[in-house]
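Here the structure comes first, spelled out in structure tokens, and everything after it is commentary.
Each reported figure results from applying straightforward, stated rules to the coordinates on display, with no laboratory input. Here the structure is a predicted model, which means the values were calculated and not measured. All Cβ positions, glycine included, derive from the backbone under ideal geometry; neighbour counts span all protein chains shown.
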Amino acid sequence: MKFFIDTANLEQIKEAQDLGVLDGVTTNPSLMAKEGISGDENVINHYKAICAIVDGDVSAEVISTTYEEMIKEGEALAALDNKIVVKVPMIKDGVKAIKYFSKKGIKTNCTLVFTAGQALLAAKAGATYVSPFIGRLDDISTDGLALIEDIRLIYDNYNYSTQILAASVRHSAHILGCAKIGADVMTGPLSAILSLLKHPLTDSGLATFLADHAKAAGK
Ligand code: E4P
């Protein structure tokens, strides 16, 4: 399973990249705003800075909501770097835009997906990635991981090449659930990725090993 980091924070992207387990980055307009990035030029420069750090796909979301505008904006984003994946919302014009980008060989990430039906449409339109938001479903007492299971089953039934990019991942249990089901990618915050490291027996075991080593060495 590929690991993407879901942030526009350059320091966190660098930290995940340095860990050696990062396969890509996803951003969205809220994450860009959180970093104080606004204005066309700043936004473009920020995407370029992200692409310079990471080895892998970088999702950049369109702000437009009409077909014509999404095409124009998406083509400009894709021209920035061959790592750029144009992130398109799951709306009618978005599906049309994904079809257009797919024919042009431009990578896409269909975002804001909350049902298997939406994921089926995204695959039929030729999306490179589909982003079901599992954390936001959990927030409304709906099983986010069950959606990943449904999409996996449907995509496997028809050999769709669209990759399942489990999004809105919040913690290690989400990551492990996605890995068990067979999501192609998960995207989450740095905290979720680092939480995979943690176990109290690892910490106490290491402390004991180091203490025993020091004792044997007469320190
Ligand atoms: C998807 O690509 C989105 O950026 C993201 O995963 C949303 O996560 P959130 O629900 O934690 O905002």
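The 3J(HN,Hα) values that the Karplus relation (6.51, -1.76, 1.60; θ = phi - 60°) gives for the range 85-97 are, in residue order, 10, 7, 8, 10, x, 6, 10, 4, 5, x, 4, 4, 5 Hz. Gly and Pro appear as x.
Can you compute the label reach from Leu197? Point 7 Å from Cα along the Cβ direction, backbone N cut-off under 15 Å, restricted to the range 1-23. Answer for this model: 12-22.
Based on the Cβ-Cβ distance of Ile53 and Ala33, what FRET efficiency does E = 1/(1 + (r/R0)^6) give at R0 = 22 Å, to the nearest 0.05? Working shown, then result.
Details: r = 20 Å, r/R0 = 0.91.
Given R0 = 22 Å and the Cβ-Cβ separation, E is 0.65.
Mean sequence separation of contacting Cα pairs (under 8 Å, at least six apart), scaled by the length of the chain, corresponds to a relative contact order of 16 percent. FRET efficiency for the Asn45 to Glu68 pair, using the beta carbon distance and R₀ = 35 Å, is estimated at 0.85.
What's the center-to-center distance, using Cα atoms, between the range 139-188 and the range 51-121 in Å? So the separation of the two Cα centres works out to 19 Å.
Full extension of the chain segment joining Ser161 with Asn9 gains 51.7 nm, where the gain is 0.36 nm per residue of separation less the Cα-Cα distance. Choose one of Leu153, His213, Val88: the residue whose Cα lies farthest towards the positive end of the charge dipole of the chain (beta-carbon charges +1 Lys, Arg; -1 Asp, Glu; about the Cα centre). The residue sitting farthest along the positive end of the dipole is Leu153.
Semi-axis lengths, largest first, of the ellipsoid equivalent to the chain are 35, 22, 14 Å, with √(5λ) applied to each eigenvalue of the Cα gyration tensor. Remark on the range 4-111: ratio of C-alpha radius of gyration to 2.2 N^0.38 Å is 1.02.
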